[in-house]
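Notes to accompany the following structure.
The values are calculated or read from the model by the stated rules, or taken from the named source; none is laboratory data. No experiment lies behind these values; they were computed from the predicted model shown. Because the Cβ atoms are built from the backbone with ideal geometry, glycine has one as well, and the counts that use them run over all protein chains shown.
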Amino acid sequence: MTSEPQSGTPDLKKKSSSSAFARVVRFMSLRVLMLFITIVIGVYTTIMIANMGGYVDDIMRNNIRETVNMRVAAMTANSQISPEARRTMADEMVALEEHRLGLDTPFMVRSFRYLSNALRLDLGRALNMISDNGSREVNNIILERLPATLLLMGSSQLFLFFFSVFIALTLSRSYGSFWDKLVITLSPTSAAPAWFYGIFFILIFAAVFKVLPFGGMVDSPPPENTLDYILSVLKHLILPGGSLVISALFISIYNWRTFFLIYSSEDYVDMAKAKGLPSRDIERRYILRPTLPTIITNFALLVIGLWTGATITETIFLWPGLGRTLFRAIGFYDTPVIVGSTIIYAYMLALTVFLLDFIYVLVDPRVKVGGGK
């Protein structure tokens, strides 16, 4: 009578393992498909918005026609050329420029070509922008500006994240204290954007006290000594980095502090306190561990958000990063640069969302990949 359950146990385990594997594979396949569809829709929407549904083509054709007419008029100012010859010369130059920019192809055809190339990470060549070394390749333009953005956004946002979490956890221990009330009082200051604080800091520290530079990433001319160069970059980093931190500091601390307070009031935390466990152990085991999925999610989204840069703040401080590059690309109607920046961010976001589902399983045993019991 006891042999049947023993012989059936391995079969049950095998079936359970097979069912779990099938569930994971099905979940991964569905998730990859849905993320890919989302990327396609997001990138194509970006293409349509960047070109205003084709209206930008008309603007560019008018600009080309006006520029060519002025050039032809200057070229033929001292020549005896008939108006018909000038018109023919202008039409030929316009046709060549429109062909170079791809404007001789209907926008709908070009939009799907942009989409296909973007999904294959073939970012192509910029229409109007060039890198510092003279390249029109979108890859070179983006990679050239990436280090500056990672330096600015990485230093400010990582400091903001870890400092906010640490201070919020400290405040959650002393609910209602002076410092807790001070953070609550100052949290509305985060309503002002980073660029507002940037302008304010420039007026105070650059214009009035003259202790920090107005903008840029390094002194001009750049120092030849490596140490002096690093110190120059750090000096230029203070104002833009400080404006990004100050603009979100108090609201970030307030959000995390409220989050920790909610978990601190759970019944199992009260039970742990009643058992006499040390405060450090309670925070580590019963407050921080249940909140790890949320903390990891915020941190992962923050890391990939470094890619986008701070468009207006970088522009105000003349910081040569991706945010300022994207701002210039929008002004130049440079669709390949806009789409190139968007598609890379979209892939990074999709990969992060995909991996987070598995990270949740590692940090929280209650979570199952793909659901199921």
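Here are a few things to note about the model shown:
Matching residues to (1) aliphatic (A, V, I, L, M); (2) closer than 23 Å to I304 by Cα; (3) touching a Phe, Trp or Tyr at 6+ places or on another chain (Cβ under 6 Å):
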{"residue": "V138", "(1), (2), (3)": "yes, yes, no"}
{"residue": "F159", "(1), (2), (3)": "no, yes, no"}
{"residue": "V165", "(1), (2), (3)": "yes, yes, yes"}
{"residue": "A191", "(1), (2), (3)": "yes, no, no"}
{"residue": "Y197", "(1), (2), (3)": "no, no, no"}
{"residue": "F214", "(1), (2), (3)": "no, no, no"}
{"residue": "K235", "(1), (2), (3)": "no, no, no"}
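- Residues of the stretch 84-127 that are of a type in the set (S, T, N, Q) and surrounded by fewer than 16 Cβ atoms within 10 Å (Cβ to Cβ): T88, T105, S116.
- Candidate set: the stretch 1-41, residues that are surrounded by 15 or more Cβ atoms within 10 Å (Cβ to Cβ) and at pLDDT 90 or above; chosen: the one farthest from L326 (Cα to Cα): L35
- Test for F299: is it closer than 21 Å to S243 by Cβ and either modelled with pLDDT of 85 or more or touching a Pro at 6+ places or on another chain (Cβ under 7 Å) (or both): no
- Annotation note: of S111, S135, the sole residue that is of a type in the set (S, T, Y) and not in a helix (DSSP H, G or I) is S135.
- Across the stretch 308-341, the number of residues qualifying as surrounded by fewer than 23 Cβ atoms within 10 Å (Cβ to Cβ), under 16 Å from the mean Cα position of the chain (by Cα) and more than 30 Å from R100 (Cα to Cα) comes to 1.
- Checked against (1) farther than 23 Å from S156 by Cβ; (2) surrounded by fewer than 18 Cβ atoms within 10 Å (Cβ to Cβ), Y286 passes all but a single condition, namely (2).
- Scanning the stretch 57-66 for residues that are aliphatic (A, V, I, L, M) and surrounded by fewer than 15 Cβ atoms within 10 Å (Cβ to Cβ) yields one hit, I59.
- Residue in the stretch 346-355 that is in contact with a Leu (Cβ under 6 Å, 6 or more places away or on another chain), surrounded by 15 or more Cβ atoms within 10 Å (Cβ to Cβ), assigned to a helix (DSSP H, G or I) and touching a residue at least 24 places away in the same chain (Cβ under 8 Å) present: yes
- Of the residues screened, W256 is not one that is within 24 Å of I295 (Cβ to Cβ), loosely packed, with under 14 Cβ neighbours inside 10 Å and of a type in the set (A, V, I, L, M, F, W, C).
- Subset of the stretch 73-86 (residues that are in a helix (DSSP H, G or I), over 47 Å from the mean Cα position of the chain (by Cα) and of a type outside the set (D, E)): P83, A85, R86
- Qualifying residue in the stretch 177-198 (condition: exposed (fewer than 15 other Cβ atoms within 10 Å of the Cβ), outside any helix (DSSP H, G or I) and at pLDDT below 90): no
- When the stretch 30-63 is filtered for residues that are touching a residue at least 24 places away in the same chain (Cβ under 8 Å), of a type in the set (A, V, I, L, M, F, W, C) and closer than 19 Å to I330 by Cβ, the ones remaining, listed by number, are V43, I47, M48, A50, V56, I59, M60.
- I262 being within 36 Å of the chain's Cα centre (by Cα), part of a helix (DSSP H, G or I) and in contact (Cβ under 8 Å) with a residue 60 or more places away in the chain: no
- None of L186, L182, L203 is more than 23 Å from the chain's Cα centre (by Cα) and in contact (Cβ under 8 Å) with a residue 40 or more places away in the chain except L186.
- Any hit, the stretch 149-159, residues being surrounded by fewer than 17 Cβ atoms within 10 Å (Cβ to Cβ), of a type outside the set (K, R) and more than 16 Å from P240 (Cα to Cα): no
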